Amino acid sequence: MNLPLQIIYKFDNMENHTKSFYRRSLRLRGYDYSQAGAYFITICTNKRKCLFGNIANNEVNLNELGNIVLDFWYSLPSKYPNIELDEFIIMPNHLHGIIVITDLETIYKSHSQQLTNVGTIHELSLRERRNILLPKVIGYFKMNAAKAINQKISASGTSLWQGNYYEHIVRNESELERIRQYIVNNPLKWALDCDNPDGKPDQEELLFWRDFGRKDL
């Protein structure tokens with residue numbers, strides 16, 4: 001799938017170089033979001049430490065560690081051709097992103113082969129097929145971003161991320177647009193962010209997360 005790219009930010013890293021940050025604008029025509037193929041993901045740093053940069057003038061300024069996270073997130077479709085990245089943002093201590101799983105046949109064939117090898121074959125539902133892949137994608141991202149960052153700061157074995165992560169199945173176009181808007185506005189509303197250690201969430205912030213069932217706040 002060929003997707004248009006839009007420049008939305010430039011980030012400074014620790015060497016004061018700039019790096020263009022692109023956003024994929026994804027619109028799947030005729031896509032049935034009730035089939036649970038799109039996921040809203042939130043991943044936070046351990047103890048919500050602000051390691052990836054700061055917010056200035058309502059924009060994210062990623063440091064070198066933040067750019068490492070950005071690189072690994074943006075490379076996920078190359079590692080997993082079955083997925084596409086929709087809206088995402090790297091914040092000082094967390095990441096929000098939408099992952100869309102698009103190719104189930106490859107996933108199913110691969111999993112069926114694994115089951116055949118152990119003498120068991122199960123017919124998997126659509127949701128089960130997708131659930132095979134998502135934890136692998138997030139696990140790969142968290143492990144490799146943490147490894148690269150720990151090597152960079154000479155902190156081997158240090159926990160970069162919280163042990164768990166938040167996911168929500170995007171069920172319709174209305175939910176998708178609401179989540180996209182939240183992600184786009186996240187830097188503007190950093191002072192109200194539930195994941196900001198110094199944030200003071202307002203009712204809109206609390207309502208958003210209540211509606212999307214996040215339990216870790």
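A few remarks follow.
- Entries of Lys49/Lys152; Lys47/Lys136; Lys79/Lys200; Lys147/Lys200 with Cα pairs more than 29 Å apart: Lys79/Lys200; Lys147/Lys200
- Going from the fewest other Cβ atoms within 10 Å to the most, the residues Thr158, Thr102, Thr45 appear in the order Thr158, Thr102, Thr45.
Just so you know, all these numbers are worked out from the coordinates, no wet-lab data involved. These figures come from a predicted structure and were not determined experimentally. Note that we place each Cβ from the backbone using ideal geometry, even for glycine, and neighbour counts take in every protein chain shown.
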